[in-house]
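Undergrad: Would you mind keeping the following structure in view while I ask a few things?
The values are calculated or read from the model by the stated rules, or taken from the named source; none is laboratory data. Since this is a predicted model, take the numbers as computed values, not measurements. Cβ placement follows ideal geometry from the backbone for every residue including glycine, while neighbour counts extend to all protein chains displayed. Accessible surface areas use protein heavy atoms only, side chains included; no ligands, DNA or RNA. Shrake-Rupley method; radii C 1.70, N 1.55, O 1.52, S 1.80 Å.
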Amino acid sequence: MRVEQVDPYDINVDEMNERRENVNTSELEASVAEQGVIEPPIVRVRDEDAAVPYSVIVGQRRTLAAQAVGLESIPVVVRDLDDGDALLSSITENVDAFRESVSKKDRALAIERLKEINGWTDERVAKSIGISKTTLSKWLEYTHPDWKGTVVDAEVSESED
């Protein structure tokens, strides 16, 4: 783990980031324009030789806000994370009640990916995230087989609820 100053345009959103849609940074942009990025996003190096070598795991909204307001550099924490650890970090970051909410669809799909990548049971996922199994079951409702192909299905739902 190391801390670096990087151009926010050298950072893409990681494919393991929990939040996939409806990323609103408008309220955050004023703060970032005035104060900069105070809490460094967590990134990993995807390809050191690429035009955009970093991908953000935790702090997607901060990174996008920094890009939107044209900051020349932001602090980041560079970590060596595999896909499972990256996805777990993203989900855990967004569990905090004070964070901008993640859609139920994004959360359900991220947890299903985490289970698949790590080969984890629901019990192991709940324990790793720090939630009850009941809460996890509610979050996974969108992925229930009975909803396949309906508006509630996480793969086809456009709803935030």
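Undergrad: Would you be able to say whether some residue in the range 29-51 is touching a residue at least 40 places away in the same chain (Cβ under 8 Å), out of contact with any helix residue (DSSP H, G or I) (no Cβ under 7 Å at 6 or more places or on another chain) and not aliphatic (A, V, I, L, M)?
TA: no
Undergrad: On to the next question. Where the second residue is outside any loop (DSSP other than H, G, I, E, B) and the first is more than 18 Å from Leu87 (Cβ to Cβ) and lies in the range 120-136, which pairs have Cβ atoms under 7 Å and are six or more apart or on separate chains?
TA: Filtered contacts from the range 120-136: Ser132/Ala126; Lys133/Asp122; Lys133/Glu123; Lys133/Ala126.
Undergrad: I would also like to ask the following. Considering every residue within the range 85-108, establish whether at least one is closer than 19 Å to Glu15 by Cα, in a loop (DSSP other than H, G, I, E, B), modelled with pLDDT under 95 and among the small types (Gly, Ala, Ser).
TA: Checked the range 85-108: at least one residue is closer than 19 Å to Glu15 by Cα, in a loop (DSSP other than H, G, I, E, B), modelled with pLDDT under 95 and among the small types (Gly, Ala, Ser).
Undergrad: Within the range 52-79, which residues are in a loop (DSSP other than H, G, I, E, B) and either surrounded by 14 or more Cβ atoms within 10 Å (Cβ to Cβ) or in contact (Cβ under 8 Å) with a residue 40 or more places away in the chain (or both)? If you could, list the steps in order and put the result at the bottom.
TA: Filtering the range 52-79 for residues in a loop (DSSP other than H, G, I, E, B) gives 52-53, 59, 70-73, 79.
Matches in the range 52-79: Val52, Pro53, Gly59, Leu71, Glu72, Ser73, Arg79.
Undergrad: Going through the range 90-126 one residue at a time, which ones are open to solvent by 30 Å² or more (accessible area, probe 1.4 Å) and within 19 Å of Tyr54 (Cα to Cα)?
TA: First, pick out the residues of the range 90-126 that are open to solvent by 30 Å² or more (accessible area, probe 1.4 Å): 92-93, 95-101, 104, 109, 112-113, 115-124.
Of everything in the range 90-126, just one residue is open to solvent by 30 Å² or more (accessible area, probe 1.4 Å) and within 19 Å of Tyr54 (Cα to Cα), namely Glu93.
Undergrad: Right, another one. Name the residues in the range 18-51 that are among the charged types (D, E, K, R) and not in a helix (DSSP H, G or I), would you?
TA: Restricting attention to the range 18-51, the residues satisfying the condition of being among the charged types (D, E, K, R) are 18-21, 27, 29, 34, 39, 44, 46-49.
Listed by number, the residues that qualify are Glu18, Arg19, Arg20, Glu21, Glu39, Arg44, Arg46, Asp47, Glu48, Asp49.
Undergrad: I've got another one for you. Scan the range 1-17 for residues that are over 16 Å from the mean Cα position of the chain (by Cα) and either among the polar types (S, T, N, Q) or in a helix (DSSP H, G or I) (or both) and jot them down.
TA: The initial filter retains those residues of the range 1-17 that are over 16 Å from the mean Cα position of the chain (by Cα), namely 1-10.
Once the filter is applied, which keeps residues that are over 16 Å from the mean Cα position of the chain (by Cα) and either among the polar types (S, T, N, Q) or in a helix (DSSP H, G or I) (or both), the range 1-17 yields Gln5, Pro8, Tyr9, Asp10.
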